[in-house]
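Okay, structure first, notes after.
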Amino acid sequence: MKRDDKKTIIKKFAVHPKDTGSAQVQVAILTERINELSKHLEAHPKDANSRRGLLKLVGKRRTNLKYLQLHNKEIYEGLIKKLKLRK
């Protein structure tokens, strides 16, 4: 992921102007990285290290989504719709 892509994602999902680490922003960044790795693995199916990294990212995203689901259901549901995640 390029730096510019990351900045645009942060601007789109940030809660306040200096927000870079809220759960919403983290989930959005992780989703973008997961999508990129998924495309990579379609072209390189035997790349076991990338597959392991992908699974770790999915676990981190799941943890952040679970946190949002428990603490702020409205933001969680809006984020799921914006990112088009299955839940």
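Within the range 1-15, residues that are more than 11 Å from E32 (Cβ to Cβ) have Cβ atoms under 8 Å from residues that are hydroxyl-bearing (S, T, Y) and surrounded by 12 or more Cβ atoms within 10 Å (Cβ to Cβ) in these pairs: A14/S22; V15/S22, counting only partners at least 6 apart in sequence or on another chain. The set of residues from the range 40-61 being farther than 21 Å from K12 by Cβ and either of a type in the set (D, E, K, R) or assigned to a loop (DSSP other than H, G, I, E, B) (or both) comprises E42, H44, P45, K46, D47, R51, R52, K56.
Within the range 45-87, the set of residues being in contact (Cβ under 8 Å) with a residue 12 or more places away in the chain and polar (S, T, N, Q) comprises S50, N64.
Laboratory data are not the source of any read-out in this text; all were calculated from the coordinates shown. All values reported here derive from a predicted model rather than from experimental measurement. Reconstructed Cβ throughout: ideal geometry from the backbone, glycine too, with neighbour counts over all protein chains shown.
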